[in-house]
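Structure, as structure tokens:
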Amino acid sequence: MCPPQTRSGTRNANSPTTSKSSKYNATSSSLGFSPRVVPRPEYPPFTEFLLSFIKEVFWQGGIHGLCCTYLLFPLYTWSRVKATEFEISDEVYFCLAISATHTVLYVLCNFTFQFFDDYNWFQTYKLERKPYQKAKPALVKKMAIEAFVGQAVTGPIAAYFLYPLFLHFGMLSLDSPLPGAPEMIKTFVIGHMFNDIGFYWTHRIAHMKSIYKYVHKQHHEFAGTVGFAAEYANPLEVIISNQIPTVGGVLFFATHPLCVCVWIGLRLQQTYEAHSGYCFEGHILNTLWFLHADSAAHHDHHHTANQGNFGGLYTDWLFGTMDHYQALGGRQGYIDQKVKGK
């Protein structure tokens, strides 16, 4: 299923540089389900693909998920005691836990990026935005209204009614002890892979010309992405491409309720960073694999160019849908062009 180009780790004289080369006909197939450049550019070597998979799935999914679960378990235990004292039902508690996770991550992540914008912090990591890519006030207002409805109304309702469905598929009771570390790591790894594959294919299908203008075009109204608009999408897309891939991996495999919250939190943090307009390549936190600079560059290209890059590096590598990105020089080529000070 790998694309048919060479896997050499060295760039030869015919490889793409950090600027568009006349060697590549970028208009070959720019939009739609299978964007292509002729001739096909060189893709990253298998080692880079493997490193991306290990970083995203096993480290930022499995290990980060395990650590966060252990750190949050005392708070979770305390909140369960309080819920019992106030006679809060399990359905309502689960609804509140999921909603709080969503809202806290939305506010914490996105207002942090907004703070960076307002006070010119970390501008050497800011991805370039041209005037036409800045959202009009009417679009920002529409996005804010939809975000409020999602956070305060539809999200909590969905979480309330999902609780019995999770129990049906084997989720542990709210007062169960935590599973062992290997079991929890498996939960987060499966959740991450299920999301990556599910999001990639539903997102790619949404770019089919017969579907795009009716469903996915709304999300691309933000040509220059911002974290607040990460979930700004048609309701059908929200369910099929966002919610089902996110919860599917932990829904179909029995897990602890706290692991569900932690996984949703990890997924949201990556999503908001990927849409933030910042790429922290070279920052110490990214070097230590705590941030998602590669995802930010990869997905920012998808929004600014709308040419491939339907998922993460390893899914687009597997299914050969990052031609335009690679014709620009891949991750480093894109960063060098788009980040201030490069």
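The values are calculated or read from the model by the stated rules, or taken from the named source; none is laboratory data. Note that the structure is a prediction, hence the values are computed from the model and not measured. No Cβ is skipped: glycine too gets one built from the backbone with ideal geometry, and neighbour counts run over all protein chains shown.
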Go through the stretch 160-191 and give me each residue that's within 26 Å of the chain's Cα centre (by Cα) and crowded, with 17+ Cβ neighbours inside 10 Å. TYR160, LEU162, TYR163, PHE166, MET171, MET184, ILE185, THR187, PHE188, VAL189, ILE190, GLY191
Mind listing whichever residues of the stretch 282-307 are closer than 17 Å to GLU48 by Cβ and touching a strand residue (DSSP E or B) at 6+ places or on another chain (Cβ under 7 Å)? ALA296
Output the qualifying pairs, or none if there are none: Cβ atoms under 9 angstrom, residues six or more apart or on different chains, first residue in the stretch 95-123 and surrounded by 15 or more Cβ atoms within 10 Å (Cβ to Cβ), second residue at pLDDT below 95 and among the β-branched types (Val, Ile, Thr). CYS95/ILE157; ASN110/VAL226; PHE113/VAL226; ASP117/VAL226
Which residues, counting only those in the stretch 299-338, are surrounded by 22 or more Cβ atoms within 10 Å (Cβ to Cβ) and in contact with a Leu (Cβ under 6 Å, 6 or more places away or on another chain)? ASP300, TYR334
Does the stretch 228-256 hold any residues that are of a type in the set (S, T, N, Q), outside any helix (DSSP H, G or I) and buried (at least 21 other Cβ atoms within 10 Å of the Cβ), and which are they? THR255
Of the conditions (1) touching a residue at least 24 places away in the same chain (Cβ under 8 Å); (2) touching a helix residue (DSSP H, G or I) at 6+ places or on another chain (Cβ under 6 Å); (3) under 30 Å from LEU75 (Cα atoms), THR271 satisfies every one except a single condition; which number is it? (2)
Filtered residue count, the stretch 143-159, keeping only those that are within 14 Å of TYR232 (Cα to Cα) and surrounded by fewer than 16 Cβ atoms within 10 Å (Cβ to Cβ): 5
Out of (1) crowded, with 21+ Cβ neighbours inside 10 Å; (2) within 30 Å of LYS130 (Cβ to Cβ); (3) β-branched (Val, Ile, Thr); (4) modelled with pLDDT of 95 or more, the one THR225 does not meet is (4)
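Go through the stretch 271-286 and give me each residue that's of a type in the set (Val, Ile, Thr) and within 11 Å of the chain's Cα centre (by Cα). Spell out how you get there, then give the answer.
We begin by selecting, within the stretch 271-286, every residue of a type in the set (Val, Ile, Thr); these are 271, 284.
Across the stretch 271-286, the qualifying residue is only THR271.
So, in the stretch 177-230, exactly how many residues are hydroxyl-bearing (Ser, Thr, Tyr), more than 20 Å from GLU146 (Cβ to Cβ) and in contact with a helix residue (DSSP H, G or I) (Cβ under 8 Å, 6 or more places away or on another chain)? Break it down into steps so the answer makes sense when it comes.
To start, the set of residues in the stretch 177-230 that are hydroxyl-bearing (Ser, Thr, Tyr) comprises 187, 200, 202, 210, 212, 214, 225.
Checking which are more than 20 Å from GLU146 (Cβ to Cβ) leaves us with 187, 200, 210.
Those still in the list that are in contact with a helix residue (DSSP H, G or I) (Cβ under 8 Å, 6 or more places away or on another chain) too: 187, 200.
The number of residues fulfilling the criteria is 2.
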Taking the conditions exactly as written (touching a strand residue (DSSP E or B) at 6+ places or on another chain (Cβ under 9 Å), modelled with pLDDT of 90 or more, of a type outside the set (Lys, Arg) and surrounded by 15 or more Cβ atoms within 10 Å (Cβ to Cβ)), does VAL57 satisfy them or not? no
Checked the stretch 272-309 for anything in contact with a Lys or Arg (Cβ under 9 Å, 6 or more places away or on another chain) and either in a helix (DSSP H, G or I) or more than 26 Å from THR101 (Cα to Cα) (or both); matches are GLU281, ALA293, ASP294, ALA297, HIS298, ASP300, HIS301, THR304, GLY308
State the number of residues belonging to the stretch 247-270 that are at pLDDT below 95 and within 18 Å of the chain's Cα centre (by Cα). 4
List pairs: first residue in the stretch 234-263 and in contact (Cβ under 8 Å) with a residue 24 or more places away in the chain and under 18 Å from PHE161 (Cβ atoms), second residue of a type in the set (Ser, Thr, Tyr) and outside any helix (DSSP H, G or I) anywhere in the structure, Cβ distance under 9 angstrom, at least six positions apart or on different chains. PRO257/SER173; PRO257/SER176
Taking the criterion of being in contact with a Leu (Cβ under 8 Å, 6 or more places away or on another chain) and among the hydrophobic types (A, V, I, L, M, F, W, C), would at least one residue in the stretch 207-222 satisfy it? yes
Being assigned to a helix (DSSP H, G or I), among the polar types (S, T, N, Q) and more than 25 Å from PHE319 (Cβ to Cβ) is the filter here, so list the residues in the stretch 150-200 that pass it. GLN151, THR154, THR187
Looking at the stretch 124-139 only, could you name the residues that are among the basic types (Lys, Arg) and in contact (Cβ under 8 Å) with a residue 24 or more places away in the chain? LYS126, ARG129, LYS130, LYS134
